[in-house]
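Have a look at the structure below, then the notes.
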Amino acid sequence: MVLNVVSEVDEVLNIFQVKEKKHESFITRAVASLYYQLRILFEYRMAIAIDIIDITISVLIYYFVSFLISKQALSSLGYSPDYLAFAVLGISLSRYLWSSISRLAHKLSHEISEGTLESLVVADVDNLKSWLVGQIMYGFSWSSFWFVGAIIIGMILGAGISTNLLAWFQAIFVLLLTIVVHSGIGVIAAGMYIKHKELETMLFFLSVAMEFLGGVLYPISLLYNIAPLYYISLSLPFTHGLELFRRTLMDELPLLHPKMIFHMVFLIAFLPLVYLGFKVFNKYLEIAKKEGILAAY
Amino acid sequence: MDYVIVSEDLTKIFKSKKKEVVAVDHISLKIKRGEFFGLLGPNGAGKTTYTKMLVTLLIPDEGEAWIDGFSILKEPVEVRKRVGWMMGETGGRALYWRLSGYDNLMFFARLQNVPKDVAKRRINAMIKFLGLEKDIHKLVMNYSTGMRVKLMLIRALIHNPDILILDEPTLGLDVESARNVRMLLRELVDRAKKTILFTSHNMQEVEMLCDRMAVINRGKIIFLGTPRELREKVANMKVVEIRLVEDKGVLEDIIKKLEQLPVVNGILSKEVSERNIVIRVLVTDYFTAIPEITSTLREYNIESVQRMLPTLEEAFLKLAGTEPRV
């Protein structure tokens, strides 16, 4: 028995005496963070089932609402007269971004309450950046399922969404740009949670900004007569991402079209949010380390 | 001298609206490369706070520390690359309960820049040694405390760091596993030239493993030296052990009688088994204490009353000024 233990110690020591050359890349580490997060997700089968039911019901609601909306009203505001397509693209994009942002913040709150954040901070050789990027990818990859599901169900119900391949390539480009910009907001929200331990109020305001002012269910031109709301709406990156997305998949407008360029420029102007997001996150992480609030057990 | 852990006046103060608590109070410590160093202290002494600053989880309010020459304030990433950290009593929470043990290890290995094949080899060798082979693919939520402790230890070692900072690494392990872990840790120092800083409540363990040790209480170091030096420092402690063949029903009476004796300075410990009672007391001097105790307890079935050397735990309690545990 003792001999066995001794030989096993030798085996362990031999392994630890070899200094292996390390060659993992940042992206490999981020993908590992995404992969294991998905493994955890698939342990929660009920949550997946609820998401699927949620997609179907959300689209069905706007399918029935679309019968009440006059086609002329939408046309007069400069859109294709298909409210179902308008609503499906609006809610799919807003839910896509919203669930991704809130998923990151919720994930962080979970890591703090479970005590795993400290282990992550010690382990991540990229100062938590590869973990964060992995979590952002996780948020968006799982929400993609919701997004694609909503669009497919909408199309089955007759929503006039383009099937043109080029339009879809452009839509994916717009989507990626919108994701990148909003991931910065997600990282800021997550960072604020570390310090303030308050999530729901922050997420509530974000959701209001998107749903109410972002033009998810109605064109923002309807807000024109209430100037402050209209200008707040224009200042949100989501408004421009959604406008580009809709114009691409409903009207098949190219990115350089006069109706598109303003929104495109505006969205690109928000790109520094990503850099700012990581900066803010690091600042909050430092405050947490100073105050000893990385774990809440 | 080649020091790998150096702290200078390291201080941490936790502030709340009502009060300020100095958790670590100007601790200066130097630990040599290849040294097995024990950090002892009662709960709340500041051991965990001190180690958390070393692994860059907490930013000190004053002072500085260097790990293998890298500043914990200015080069935290370099510090973390060189340190393997094992969390203490709450350690089981630092794992993903909805992942298997294997996936937990692999995930942290990847975050720590360990290639998949290398991680696999290290995991396989460690789980075999620690007896986790059978359960490694089960979800961590189904693990016992001991199994989670083993997993945490493997995680601390997975990136093959030169320095290990371990908080109670044998807590919750069964006797055989604890012995194996101690053997491995000692060998890691002796043969793989690792440096280990570990905290413990187990005095025997510290005595058995550590080259040097520090006792910390209320955030300050109150002793720094070898376990032998600690024992010598408190050699003037006079301890008497009383063994009785009695059942536990009479224990309270015996304790009361002993406490009333002027020669008894305090009760250090009491152990009760089905038909035996063993009590260790601190006395003023052996020559009057032993006959007096024997006479006071003459109505009981005394097996022996004899002078003993203080255990390291008793020495530590005396240094820390803590009331002896009874």
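Rule-based calculations on the coordinates, nothing more; no lab input. Quick caveat, the model's predicted, so the values are computed rather than measured. Here Cβ is always computed from backbone atoms with ideal geometry, including for glycine, and neighbour counts include all displayed protein chains.
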| request: Between B:MET208 and A:SER141, take the C-beta separation as r, use R0 = 60 Å, and let me know the FRET efficiency to the nearest 0.05. | output: 0.75
| request: Tell me the label-point distance for the pair A:TRP168, B:SER144, using the 7 Å Cα-to-Cβ offset, in nm and rounded to one decimal. | output: 5.5
| request: Could I have the simple spin-label model distance between B:GLU252 and A:ILE61, label points 7 Å from Cα toward Cβ, reported in nm to one decimal? | output: 6.5
| remark: Placing one equal point scatterer on each C-alpha of segment B:157-295 and summing with Debye, one gets log10 I(q)/I(0) at q = 0.09, 0.13, 0.20 Å⁻¹ equal to -0.44, -0.79, -1.16
| task | Provide the three semi-axes, in whole Å and in decreasing order, of the ellipsoid equivalent to chain B as defined by the square roots of 5 times the Cα gyration tensor eigenvalues. | result | 41, 25, 17
| field | Most fluctuating residue given options A:ILE153, A:ILE50, A:ILE15, as computed from a GNM of chain A linking Cα atoms under 10 Å | value | A:ILE15
| field | Rounded D (µm²/s) - chain A, Kirkwood Rh over Cα pairs, Stokes-Einstein at 4 °C, 1.567 mPa s | value | 61
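Counting helices only, and only those DSSP H runs with n ≥ 4, report the 222 nm mean residue ellipticity of the protein assembly as shown as the sum of -39,500 (n - 2.57) divided by its residues, in deg cm²/dmol to the nearest 500.
Taking each H run of at least 4 residues, the total per residue is -17500 deg cm²/dmol.
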| field | Added length on full extension, which subtracts the Cα-Cα distance from 0.36 nm per residue, B:ASN301 to B:GLU75 | value | 74.9 nm
| request: Would you compute the Debye intensity of segment B:239-309 from its alpha-carbon atoms alone, equal scatterers and no solvent, and pass along log10 I(q)/I(0) at q = 0.15, 0.18, 0.20 Å⁻¹ to two decimals? | output: -0.40, -0.58, -0.73
| field | Residue range of chain A that is longest and free of trypsin sites (Lys or Arg not before Pro) which are both DSSP loop and sparsely packed (at most 13 other C-beta within 10 Å) | value | A:22-196
| message | What's the magnitude of the charge dipole for chain A around its Cα centre, counting Lys and Arg as +1 and Asp and Glu as -1 at the beta-carbon? Answer in Debye, nearest 20. | response | 640
| said: What does the C-alpha gyration tensor say about the overall shape of segment A:1-148? Classify as rounded when a/c is under 1.5, otherwise prolate if a/b is larger than b/c, or oblate. | reply: prolate
| Peptide B:96-103, shielding by other chains (average Cβ, 10 Å cutoff) | 4
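Just check segment B:71-169 against the gyration tensor rule for me: Cα atoms, a ≥ b ≥ c as the square roots of the eigenvalues, rounded for a/c under 1.5, and otherwise prolate or oblate depending on whether a/b exceeds b/c.
Here segment B:71-169 falls in the prolate category.
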| request: Would you mind putting A:84-92, B:157-165, B:247-255 in packing order, based on average other-beta-carbon counts within 10 Å, highest first? | output: A:84-92, B:157-165, B:247-255
| For the protein assembly as shown, with +1 on Lys and Arg beta carbons and -1 on Asp and Glu, the positive-most of B:ILE242, A:THR201, A:PRO219 along the dipole | A:PRO219
| So what's the angle, to the nearest 10 degrees on a 0 to 90 scale, between helix A:272-291 and the longest Cα principal axis of chain A? | 40
| query | Evaluated at 25 °C with a viscosity of 0.890 mPa s, what Stokes-Einstein diffusion coefficient in µm²/s does the protein assembly as shown have when Rh comes from the Kirkwood expression over alpha-carbon pairs? | reply | 87
| message | Per 0.36 nm of contour for each residue apart, how much would the distance between A:TYR44 and A:PHE204 grow if the chain were fully extended, relative to their Cα-Cα spacing? | response | 55.1 nm
| task | Treat every Asp and Glu Cβ in segment B:211-326 as -1 and every Lys and Arg Cβ as +1, leave all other atoms uncharged, and give the resulting dipole magnitude about the Cα centre to the nearest 20 debye. | result | 460
| query | On average, how much area does the Cα convex hull of segment A:63-206 cover when viewed from any direction, in nm²? | reply | 10.6
| query | Tell me which lysines have Cα within less than 24 Å of B:LYS30's Cα, excluding those fewer than 8 residues away on the same chain? | reply | A:LYS289, A:LYS290, B:LYS12, B:LYS47, B:LYS52, B:LYS74, B:LYS81, B:LYS193, B:LYS194, B:LYS220, B:LYS233
| Quick one: helix B:251-260 against the long Cα principal axis of chain B, what's the angle to the nearest 10°, folded into 0 to 90? | 70
| Theoretical FRET efficiency, 1/(1+(r/R0)^6), r = Cβ-Cβ of B:ASP2 and A:HIS257, R0 60 Å, to 0.05 | 0.30
| Dipole magnitude of the protein assembly as shown about its Cα centre (Cβ charges: Lys, Arg +1; Asp, Glu -1), debye to nearest 20 | 860
| task | Note down the nm distance, to one decimal, between modelled labels 7 Å out along Cα→Cβ at A:ILE52 and at B:HIS137. | result | 2.6
| message | Taking 35 Å as R0, compute the FRET efficiency from the Cβ-Cβ separation of B:GLU292 and B:ARG191 and round it to 0.05. | response | 0.10
| query | On average, how many beta carbons from a partner chain sit within 10 Å of the beta carbon of a residue in B:50-62? | reply | 3
| Residues A:SER233, B:SER100, A:SER113, sorted so that the one with the fewest Cβ neighbours within 10 Å comes first | A:SER113, B:SER100, A:SER233
| said: Tell me which of B:MET183, B:ILE163, B:MET106 sits at the most positive position along the dipole axis of chain B, charges placed on C-beta atoms (Lys, Arg +1; Asp, Glu -1). | reply: B:MET106
